[in-house]
Each structure stands twice: as structure tokens, then as C-alpha cells.
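Asker: Sharing a structure, written as C-alpha cells. Questions coming.
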Amino acid sequence: MVYGNFIRNQGIRRKVIKEELGIEEDETPERVVVMPMPFSTQFPKNFEDTLTNLGIKVNKAEVGDQILREFGGNLLLEKDGNRGLITFIGRGLIDFTERIRILATISRIKDILFIGTAGSLSNEILIGDLNIPKYVVPFENVSDFYVDPTIAIPQADEKLFNEIYEYARETGVKTHSALHATLLFFYSETTDFLNYLMDIGVSTIDMEVSAFYKIARFYGKRAVALLRISDMPLIEQQEQQKPIKARRETAVNATFKIVLRFLKLI
């Protein structure tokens with residue numbers, strides 16, 4: 001079986017979508033949340049109990065992939081006729097790009113919200129803040145294997161950006177829309193390179209968002225990324241730890257609320 005033929009071959013396509021996302025294509029909702037890390041790292045403790053207490057029906061979408069399966073599967077949520085899907089689709093640029101491409105080819109999906117973390121290079125953007133970048137500088141070429149980079153510009157959808165920015169602002173968490181860059185891997189971050197990024201105006205960094213924006217745009221999806229600042233790589237670790245525990249918890253709770261609003265579940 002040639003798995004790369006999944007776009008044209010319906011039999012392979014059904015198998016790939018079920019294996020990697022745990023869903024049937026015809027049951028996919030219009031709005032989807034994607035994450036490059038397990039839910040437990042991005043949501044509050046006992047978040048599934050919170051969903052139940054809010055009257056949200058939770059269905060587990062069990063994936064076939066052996067690594068992703070260890071994290072409990074994806075979540076199909078429903079309340080009052082509104083449906084949403086929350087997916088953990090793999091950490092790191094290569095795994096993430098493979099699965100976001102699979103997901104983006106599903107025609108029923110219209111809007112995709114990326115939830116993740118980022119490092120800040122700016123003294124104005126602190127741990128516990130949120131960044132919703134309109135534009136991303138791609139220091140990666142993995143996504144270019146799948147899409148034409150002259151067409152697939154790493155840019156958020158304007159309308160969806162405005163929606164998520166308003167949700168974030170209403171949480172009270174300090175929210176930015178600063179220039180972002182995606183790097184191949186965190187071991188490629190040297191002090192000299194990070195200082196160069198600062199010099200060209202980059203404020204935050206991660207390992208997936210440019211691929212997310214490019215793939216989503218290429219396949220005609222509205223997409224935006226919501227990034228919680230988790231570290232400041234140019235500041236010594238001991239200086240970062242002082243006042244941030246409460247700020248992190250507040251930002252995690254805010255992110256969870258934004259996700260539920262995006263999915264029209266609250």
C-alpha cells in the first residue's frame with residue numbers, strides 16, 4: 001500500500017484518517033483544535049471532568065498510531081447541537097506537518113485553531129502571556145515538501161484572528177499579536193541566532209506554526225494559532241521561576257476557555 005496516495009484513493013484515505021486521527025471523515029465537525037503536545041500539558045487538571053460538568057458530551061476518538069494511542073486519543077465534543085474536535089497530532093515539525101496535512105484535506109473542516117506554547121525573545125512578552133501571530137517567519141522547509149511556498153503564505157486568517165483575539169482579550173490575560181518564527185528544532189537555537197531573530201523583529205518562536213499556517217492556507221482552511229508563552233530562552237532559568245506559577249495557571253485556564261468558545265460549546 002502506498003500511503004501517500006491517500007488524497008486520491010478513498011480506501012487508503014479512510015484507513016489513514018482513522019489511523020492517525022481516530023475519526024471517520026464524514027463525522028468530522030467544521031471546527032477543529034490541533035495541538036503539538038498532549039492535552040494534559042495545555043489544559044487544566046481534570047479538564048475532562050470540567051467538560052462533563054458543563055454538560056458537554058465527550059467521545060473518545062481512539063487513534064491507531066501506537067505512539068499517539070498512549071495519550072488516550074482525540075476528543076469529539078458536543079453540546080446543544082454544536083460539535084468540535086480536539087486533536088493531539090504529534091510533537092515536532094515532521095510529525096505535526098504530516099498529520100496537519102491529513103486533517104487539512106478533509107473538506108468538512110472549515111476552521112482550525114492551533115494551541116501550543118512558544119518561547120519569548122522580548123522583554124515585553126512574559127511567561128504566561130498569550131501571542132496570536134498574524135505572520136510567521138518560516139525557518140523551516142519541511143512544509144515546502146507538501147505545498148508550494150509561493151502560494152502557501154504563513155499567515156493567519158484575518159476573520160478568525162479577530163475572533164480569537166477578542167476571546168483572548170476578554171480573559172484578562174495579556175495578549176499580543178507579535179511577529180513569530182518557526183524553527184526546525186530547539187537544539188538549533190543558539191544565542192547568536194536568537195539575537196539575530198530579535199534584530200529582525202521576531203518576538204516569539206516555536207517548532208510548528210509556520211507549517212500549520214502554510215498547510216491550512218494551501219488547502220483553503222481558515223487558521224489561527226494561540227500561543228502561551230512558556231519560557232524566555234535568553235533569560236537565565238532561575239530568573240524565570242520567580243513569579244510565574246500563578247501566571248502559567250491563569251494562562252492555561254484562559255486557553256481552555258478560548259478553545260470552548262471557539263468550538264461554540266460555552
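The values are calculated or read from the model by the stated rules, or taken from the named source; none is laboratory data. Because the structure is a prediction, the values reported are computed rather than measured. Neighbour counts run over all protein chains shown; Cβ positions are idealised from the backbone, glycine included. Please note that ligands, DNA and RNA were not included when accessible areas were found on the heavy atoms of the full protein model with its side chains. Shrake-Rupley method; radii C 1.70, N 1.55, O 1.52, S 1.80 Å.
Asker: Which of the strands (runs of 3 or more DSSP E) contained wholly in the range 1-110 include at least 1 residues that are on the phi > 0 side of the Ramachandran plot?
Answerer: Numbers: elements: 31-35, 57-61, 74-79, 82-88.
Per the criteria, no element qualifies.
Asker: Taking only the range 168-184 into account, find how many residues are crowded, with 16+ Cβ neighbours inside 10 Å, in a helix (DSSP H, G or I) and more than 16 Å from the chain's Cα centre (by Cα).
Answerer: Here the count works out to 0.
Asker: A further question follows. Please state which one of L194, L227, L260, L265 is in a loop (DSSP other than H, G, I, E, B) and among the hydrophobic types (A, V, I, L, M, F, W, C).
Answerer: Just a single option satisfies the conditions, and that option is L265.
Asker: Out of (1) over 16 Å from I112 (Cα atoms); (2) open to solvent by less than 20 Å² (accessible area, probe 1.4 Å), the odd one out for Y187 is which?
Answerer: The one condition Y187 does not meet is (2).
Asker: Among the residues in the range 209-224, are any touching a residue at least 24 places away in the same chain (Cβ under 8 Å), more than 18 Å from S143 (Cβ to Cβ) and either surrounded by 20 or more Cβ atoms within 10 Å (Cβ to Cβ) or hydroxyl-bearing (S, T, Y) (or both)?
Answerer: Checking the range 209-224: not a single residue is touching a residue at least 24 places away in the same chain (Cβ under 8 Å), more than 18 Å from S143 (Cβ to Cβ) and either surrounded by 20 or more Cβ atoms within 10 Å (Cβ to Cβ) or hydroxyl-bearing (S, T, Y) (or both).
Conditions (1) under 20 Å from the mean Cα position of the chain (by Cα); (2) free of Cβ contacts under 8 Å to residues at least 60 places away in the same chain; (3) farther than 26 Å from D157 by Cβ; (4) crowded, with 19+ Cβ neighbours inside 10 Å, marked per residue:
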| position | (1), (2), (3), (4) |
| --- | --- |
| K15 | no, yes, yes, no |
| P29 | yes, no, no, yes |
| P36 | yes, no, no, yes |
| K57 | no, yes, yes, no |
| D65 | yes, yes, yes, no |
| L68 | yes, yes, yes, yes |
| L77 | yes, no, no, yes |
| N82 | no, no, no, no |
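Asker: Can you tell me which residues in the range 94-122 are open to solvent by 10 Å² or more (accessible area, probe 1.4 Å) and in contact with an Asp or Glu (Cβ under 6 Å, 6 or more places away or on another chain)?
Answerer: Result: R99, I102, K110.
Asker: Right, something else. For the range 146-157, which residues satisfy the criterion of being more than 15 Å from L226 (Cβ to Cβ) and in contact (Cβ under 8 Å) with a residue 12 or more places away in the chain? Lay out the reasoning, then the answer.
Answerer: Within the range 146-157, the subset more than 15 Å from L226 (Cβ to Cβ) is 146-155.
Result: Y146, V147, D148, P149, I151, A152, I153, P154, Q155.
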